[in-house]
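Q: Can you read through this structure? Questions will come right after.
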């Protein structure tokens, strides 16, 4: 029998005997899997406090971000509302999500679309013309805040997010 390499190490998953690895989940600013595993009681205070209503209850009632509902304004209401200590101002200041454009982008298919660029308040997204009438979206990781406005406005759901290590971001193309 092949060795399993998809074992989840979260305490909650272990206690629930759930050994499947979860895909990368987008957590609200101010928390992470370790804090949630240790402190989150699933009370929903952060969900209720979010003025943008983009924090929803996920697996185990843990908070997750849903950028299909809008963008994060980084107001900090979720951090302030949490009574259990599952959110931290230190973690809040280390927000490291950056947008990534996938191959389903309409501009990469030769269809004129700039919805993500128009929605990006810090102007982190620009387009470079390519051969064949296509345009390639480029993201400046130094400008991208990871707010999700580009994902919310993308008609092709072509925007995903990745975590970067602080001070170790890629150079823009």
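Q: Scan region 1-43 for residues that are in contact with a strand residue (DSSP E or B) (Cβ under 8 Å, 6 or more places away or on another chain) and modelled with pLDDT of 50 or more and jot them down.
A: 24, 25, 26, 27, 28, 31, 36, 40, 42
Q: A further question on this structure: On the given criteria, is residue 145 in the same structural domain as residue 33 (by TED's automatic domain parsing), more than 24 Å from residue 41 (Cβ to Cβ) and not in a strand (DSSP E or B)?
A: On the way: in the same structural domain as residue 33 (by TED's automatic domain parsing): no; more than 24 Å from residue 41 (Cβ to Cβ): yes; not in a strand (DSSP E or B): yes.
No: the conditions fail for residue 145.
Q: While we're here: How about region 103-139: which of its residues are in a helix (DSSP H, G or I) and more than 18 Å from residue 72 (Cα to Cα)? Spell out how you get there, then give the answer.
A: First, pick out the residues of region 103-139 that are in a helix (DSSP H, G or I): 107-109, 115-119.
Matches in region 103-139: 107, 108, 109.
Q: Go through region 44-56 and report how many residues are surrounded by fewer than 16 Cβ atoms within 10 Å (Cβ to Cβ), under 18 Å from the mean Cα position of the chain (by Cα) and either modelled with pLDDT under 95 or closer than 14 Å to residue 80 by Cα (or both).
A: Here the count works out to 1.
Q: Do we have any residue at all in region 111-119 that's more than 18 Å from the chain's Cα centre (by Cα) and either exposed (fewer than 13 other Cβ atoms within 10 Å of the Cβ) or within 27 Å of residue 30 (Cβ to Cβ) (or both)?
A: Yes, because at least one residue in region 111-119 is more than 18 Å from the chain's Cα centre (by Cα) and either exposed (fewer than 13 other Cβ atoms within 10 Å of the Cβ) or within 27 Å of residue 30 (Cβ to Cβ) (or both).
Q: Would you say residue 127 is over 16 Å from residue 145 (Cβ atoms) and touching a residue at least 40 places away in the same chain (Cβ under 8 Å)?
A: On the way: over 16 Å from residue 145 (Cβ atoms): yes; touching a residue at least 40 places away in the same chain (Cβ under 8 Å): no.
No.
Q: Let me ask something additional. Which residue out of 41, 69 is loosely packed, with under 14 Cβ neighbours inside 10 Å and touching a residue at least 12 places away in the same chain (Cβ under 8 Å)?
A: Details: 69 fails: loosely packed, with under 14 Cβ neighbours inside 10 Å.
From the options 41, 69, the qualifying one is 41.
Q: Please specify each residue of region 48-79 satisfying the condition of being out of contact with any helix residue (DSSP H, G or I) (no Cβ under 8 Å at 6 or more places or on another chain), more than 25 Å from residue 122 (Cα to Cα) and either outside any loop (DSSP other than H, G, I, E, B) or assigned by TED's automatic domain parsing to the domain that holds residue 159 (or both).
A: Answer for region 48-79, where residues must be out of contact with any helix residue (DSSP H, G or I) (no Cβ under 8 Å at 6 or more places or on another chain), more than 25 Å from residue 122 (Cα to Cα) and either outside any loop (DSSP other than H, G, I, E, B) or assigned by TED's automatic domain parsing to the domain that holds residue 159 (or both): 59, 61.
Q: Could you tell me whether region 142-155 includes any residue that is touching a strand residue (DSSP E or B) at 6+ places or on another chain (Cβ under 8 Å) and either surrounded by fewer than 19 Cβ atoms within 10 Å (Cβ to Cβ) or at pLDDT below 95 (or both)? Give the steps one after another, and end with the answer.
A: We begin by selecting, within region 142-155, every residue touching a strand residue (DSSP E or B) at 6+ places or on another chain (Cβ under 8 Å); these are 144, 146, 148, 150-151.
Next cut, either surrounded by fewer than 19 Cβ atoms within 10 Å (Cβ to Cβ) or at pLDDT below 95 (or both) only: none.
No, region 142-155 has no match at all.
The values are calculated or read from the model by the stated rules, or taken from the named source; none is laboratory data. In this text, all values refer to a predicted model and were calculated from it rather than measured experimentally. Using ideal geometry, Cβ is built from the backbone for each residue, glycine included, and neighbour counts are taken over all protein chains shown.
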